[in-house]
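Chemist: Got a structure for you, questions after.
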Amino acid sequence: MSVQSRTTTDTLGISSLSIANYTTKSSAGTVNFTSDSMIVSGLTYTVDTTFMTYFYIAGSLYDSISSPLTATLPPTSASAKYQMINSDSLYFPNGGILSSLAPSSTGQGIRYTLKGDSLTLSAVVAQTTGGTTINANETIYLKRQ
């Protein structure tokens with residue numbers, strides 16, 4: 001599985017942009033789609049890479065830093081209901097692509113592209129909490145095995 005992630009955070013005129021592009025290691029498990037659900041079975045992977053964060057004050061680049069990104073997802077199974085919106089969009093009413101893993105009170109839409117043996121899932125998330133606005137663009141690339 002390959003992932004591209006761009007997250008922007010803005011608080012009181014100070015903003016940051018974090019960018020991570022990585023391919024998981026030791027990946028296993030399945031993601032299956034039925035007519036109304038996404039079913040994840042035994043999904044597991046590790047990530048061991050770095051990501052860049054750029055800091056801006058009043059729109060001007062102030063600093064940047066490279067940080068480690070290490071994570072392990074233990075074997076995980078879940079299912080999430082969705083509604084097909086049109087030929088390239090799905091809506092998860094309980095939020096998120098893996099809503100059973102990270103429940104949300106708001107729904108989440110995704111766009112998808114299926115080409116040959118490759119599935120691309122893209123989501124845009126916007127959230128404001130305590131004066132901080134977070135915008136995230138996430139793209140996940142899956143390949144049929």
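The values are calculated or read from the model by the stated rules, or taken from the named source; none is laboratory data. Being a predicted model, the structure only gives us computed values, none of them experimental. Virtual Cβ from ideal backbone geometry, glycine too; neighbours counted across all protein chains shown.
Chemist: Starting from residues that are hydrophobic (A, V, I, L, M, F, W, C) and out of contact with any Pro (no Cβ under 9 Å at 6 or more places or on another chain), keep the ones in the range 20-45 and report whichever is farthest from Leu69 (Cα to Cα).
Modeler: Only one residue fits best here, namely Phe33.
Chemist: State yes or no: is Ser35 in contact with a Ser or Thr (Cβ under 6 Å, 6 or more places away or on another chain) and modelled with pLDDT of 90 or more?
Modeler: On the way: in contact with a Ser or Thr (Cβ under 6 Å, 6 or more places away or on another chain): no; modelled with pLDDT of 90 or more: yes.
No: the conditions fail for Ser35.
Chemist: Quick check on the range 54-62. Is at least one of its residues under 18 Å from the mean Cα position of the chain (by Cα) and modelled with pLDDT of 90 or more?
Modeler: So far as the range 54-62 goes, no, none of its residues is under 18 Å from the mean Cα position of the chain (by Cα) and modelled with pLDDT of 90 or more.
Chemist: Another one. How about the range 98-145: which of its residues are at pLDDT below 75 and surrounded by 17 or more Cβ atoms within 10 Å (Cβ to Cβ)?
Modeler: Answer for the range 98-145, where residues must be at pLDDT below 75 and surrounded by 17 or more Cβ atoms within 10 Å (Cβ to Cβ): Leu98, Ser99, Ser100.
Chemist: On to the next question. Which residue is nearest to Lys81 (Cα to Cα), if the candidates are limited to the range 36-48 and must be surrounded by fewer than 16 Cβ atoms within 10 Å (Cβ to Cβ) and free of Cβ contacts under 8 Å to residues at least 40 places away in the same chain?
Modeler: Of everything passing the filter in the range 36-48, Ser41 is nearest to Lys81 (Cα to Cα).
Chemist: Another one. Consider only pairs whose beta carbons are under 6 Å apart and that are at least six residues apart or on different chains; among these, list those whose first residue lies in the range 127-145 and is among the aliphatic types (A, V, I, L, M) and whose second residue is modelled with pLDDT of 75 or more and surrounded by 15 or more Cβ atoms within 10 Å (Cβ to Cβ).
Modeler: Correct list of pairs: Ile134/Thr9; Ala136/Thr7; Ala136/Val125; Ile140/Val3; Ile140/Leu121; Leu142/Leu119.
Chemist: Within the bounds of the range 102-112, is there any residue that is of a type in the set (Lys, Arg) and over 15 Å from Ile140 (Cα atoms)?
Modeler: No, every residue in the range 102-112 fails to be of a type in the set (Lys, Arg) and over 15 Å from Ile140 (Cα atoms).
Chemist: May I pose another question? Could you check, for the range 35-55, whether at least one of its residues is within 21 Å of Ala126 (Cβ to Cβ) and not aromatic (Phe, Trp, Tyr)?
Modeler: Within the range 35-55 (the criterion being within 21 Å of Ala126 (Cβ to Cβ) and not aromatic (Phe, Trp, Tyr)), the answer is yes, since at least one residue qualifies.
Chemist: Follow-up question, since we're still on this one. Quick one: in the range 9-22, which of the residues that are over 16 Å from Ser122 (Cα atoms) and at pLDDT below 90 is surrounded by the fewest Cβ atoms within 10 Å (Cβ to Cβ)?
Modeler: That would be Leu12.
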